[in-house]
Amino acid sequence: MHRSTRKLSLTPAGQALYDRCAASLEELSKAAKEMIDDNQMPGGLVRVAATAGFFDVFAMEHIAEFLALYPRIRLEFLLDDAKTDLIAESIDVAFRSGRLLKSSSVGKKLIEAPSILVASPDYLAKNGAPTYPRALAEHQCVVLARDSGRTNWTLEGPSGPIEVTVSGRFRANSARAVMQAAVAGLGIALLSYPLCVAEIEAGHLVRLLSEHRHEASRVYAAFPNRRQIARAVSVFVDFVSEKLRLDGTSWRQQ
């Protein structure tokens, strides 16, 4: 730089250096500003794994509300009843029910949802309704199964737990498929109440043995590891948790 008592000016070498570095400095400043903005308004892509029937339980209107609240966030869903490898598939969060299978996963419990016995009016008209839990062994039951082994349903009732071995001519590894089979009259199904409530209200399914229920299924958010969770992921999980909590007020009364 040229320095005098009245001003500073760049030498030709200084000007050349400035011309080469100014763009990079501007980009650096822009990147820093975006990081600060992200801390204030979350943004980016959130990859979500969930069951195939997730949107049968979680209204798409909730997703529209969330995206309106956070215009810089993008959501990508992988819907599959099989357990997804969160790390291999670059999943930020998975919504699951049951138990965490891997100790490497980090889970946050969101809500508990009861499971109930249901069948279609057509099936009941042809076969009658069971009047006690052990009668289920005499009925066609639509089983949610991930293997070909024997299926036992444990039901809690006024006299305590009762375990019944059930069987049927149709089984599937998708809860949605089991529900559709029950609606079609293929047998009695044990389903999560949030999944089948719309079919009950529409008259397509009838609840059975209402004084008995299966152990509530825990719905939780699973994260791939214990690293710091991105704010966009965190706000989405909190949003889903709150919506499930509000929707679940009626579930726990069933």
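The values are calculated or read from the model by the stated rules, or taken from the named source; none is laboratory data. As the structure is a computational prediction, the values presented were derived from the model and not from experiment. Methodologically, a virtual Cβ is constructed for each residue, glycine included, from the backbone with ideal geometry; neighbour enumeration extends over all protein chains shown. Quick note on the areas: whole protein, heavy atoms, side chains included, nothing else; ligands and nucleic acids left out. Shrake-Rupley method; radii C 1.70, N 1.55, O 1.52, S 1.80 Å.
Averaged over residues, the count of other Cβ atoms within 10 Å places the peptides 79-85, 235-241 in the sequence 235-241, 79-85, highest first. Taking amide H atoms as placed 1.01 Å from N in the peptide plane, the amide H of residue 75 lies under 5 Å from those of 46, each 5 or more residues away in sequence or on another chain.
Between the amide H of residue 229 and any residue lying 5 or more places away or on another chain, no distance stays under 5 Å, with hydrogens modeled in the peptide plane.
Sorting 87, 162 on solvent-accessible area from highest to lowest, probe radius 1.4 Å, gives 87, 162. Roll a 1.4 angstrom probe over the protein heavy atoms and tell me the percent of accessible area of the stretch 107-158 that is carbon or sulfur. Here carbon and sulfur together make up 45 percent of the probe-accessible area.
Residue 217 exposes around 30 Å² of accessible area when a 1.4 Å probe is run over every protein chain in place.
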